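Asks: The structure under discussion is supplied below as structure tokens; questions concerning it will follow.
The values are calculated or read from the model by the stated rules, or taken from the named source; none is laboratory data. Just so you know, these numbers come straight off a predicted model, no measurement behind them. Neighbour counts run over all protein chains shown; Cβ positions are idealised from the backbone, glycine included.
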Amino acid sequence: MVNWNVTGLTGAVEPPRVGHELTWLRGLPPYTNYYAYHYVASRDYDGIDPDATSAFRAGAPVAGFTNLLAALAANGFTIAQLSARFGLMTLGADDAQVWNYDAASAVETRRYRGGSVRLQLDGQDLVAGPMPDFIFTIRYNVLTNLADDQISGVTSALMPTNNSAGSSAAVQAVASALLTDIGPGALRLVMDSLQPEIQVELNQPDKSRLGGFLDAQSGRIELVRPPRLSKGSRDGADRFRSTASDAADAAAYVVEASTDLRNWSPVATNFPTAGGFEFIDPGSATDPRRFFRALFR
């Protein structure tokens, strides 16, 4: 992946934006850049690295994708030919809702949004969809040591659709198998890296870009399922209270309610962090019967 800021107007493809100031690094050697990178994308974005083939490339071991593995073998492919690339994501408003720094633990979190993601097989389109939120966690550890920065990233739920219409029949068969494996669930991307968070390797003055490359030492594509809603109860205000369990960490869910199983309205949105979350439905205080469902957001 590649991260960057746009520092001027000269040839700029993206709007000029510089990420929030990393005040906790100000004045500490050996840092020379004290600002987060506002943009992130695959290295092949807009010719930044023309030699890049993807942001993620699959490899063994593989678990939970039995139909995919069978289709790959039947059509003469290997898992190493599966790759993912994504388009432009940003920090958006870049405010307190987007990033946070905990001084006690020297850990920063950021949320990048926007763009789309494509999974390809042997360079041919497989499935695609809107890129879900990408949550970056940066553990600075010893602030004056560039080499010990631990960077991890996890997306929320990716719900892809078939994008193989223009690909070969063999790739179309694999796309169908992958979507069968996903079923009512979703995918998410996870990666980890040990490298300096602030580094300046990308310098494109003709497009006013200044940034750095992120080399993931490990990563994976995971299959996640919608959470299960537990049997609930009414609280003292006669509102329905329930718990959703088996929720994937960092995946975003919305709980919806209905009185007729046809018309649904949201009652809670959550980012699980420990395999579940609790929600309260105020509308149940006036409706004698309500139905609930949990969906990926």
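Asks: Ser164 - would you say it is of a type in the set (Ser, Thr, Tyr), modelled with pLDDT under 95 and in the same structural domain as Arg220 (by TED's automatic domain parsing)?
Replies: Details: of a type in the set (Ser, Thr, Tyr): yes; modelled with pLDDT under 95: no; in the same structural domain as Arg220 (by TED's automatic domain parsing): yes.
In short, no.
Asks: What single numbered condition from (1) assigned to a loop (DSSP other than H, G, I, E, B); (2) under 24 Å from Gln120 (Cβ atoms); (3) touching a Leu at 6+ places or on another chain (Cβ under 9 Å) fails to hold for Tyr31?
Replies: Condition (2) is where Tyr31 drops out.
Asks: Testing Val142 on (1) surrounded by fewer than 18 Cβ atoms within 10 Å (Cβ to Cβ); (2) over 29 Å from Gln195 (Cβ atoms); (3) β-branched (Val, Ile, Thr), one condition comes back false. Which one is that?
Replies: So the condition that Val142 fails would be (2).
Asks: Please determine, by comparing only the residues of segment 145-191 that are without any contact (Cβ under 8 Å) to a residue 24 or more places away in the chain and not hydrophobic (A, V, I, L, M, F, W, C), which one is surrounded by the most Cβ atoms within 10 Å (Cβ to Cβ).
Replies: Restricting to residues being without any contact (Cβ under 8 Å) to a residue 24 or more places away in the chain and not hydrophobic (A, V, I, L, M, F, W, C), the top hit is Gln172.
Asks: Identify all residues within segment 39-93 that are of a type outside the set (D, E, K, R), more than 15 Å from Arg220 (Cβ to Cβ), assigned to a loop (DSSP other than H, G, I, E, B) and in contact (Cβ under 8 Å) with a residue 24 or more places away in the chain; write none if there are none.
Replies: Selection gives Ser42, Ile48, Thr53, Asn75, Gly76, Phe77, Gly87, Leu88, Leu91.
Asks: Something else: Ser208 fails exactly one of the following numbered conditions: (1) under 30 Å from Tyr37 (Cβ atoms); (2) surrounded by 16 or more Cβ atoms within 10 Å (Cβ to Cβ); (3) modelled with pLDDT under 85; (4) out of contact with any helix residue (DSSP H, G or I) (no Cβ under 8 Å at 6 or more places or on another chain). What is the number of that condition?
Replies: Of everything listed in (1) under 30 Å from Tyr37 (Cβ atoms); (2) surrounded by 16 or more Cβ atoms within 10 Å (Cβ to Cβ); (3) modelled with pLDDT under 85; (4) out of contact with any helix residue (DSSP H, G or I) (no Cβ under 8 Å at 6 or more places or on another chain), Ser208 misses just condition (3).
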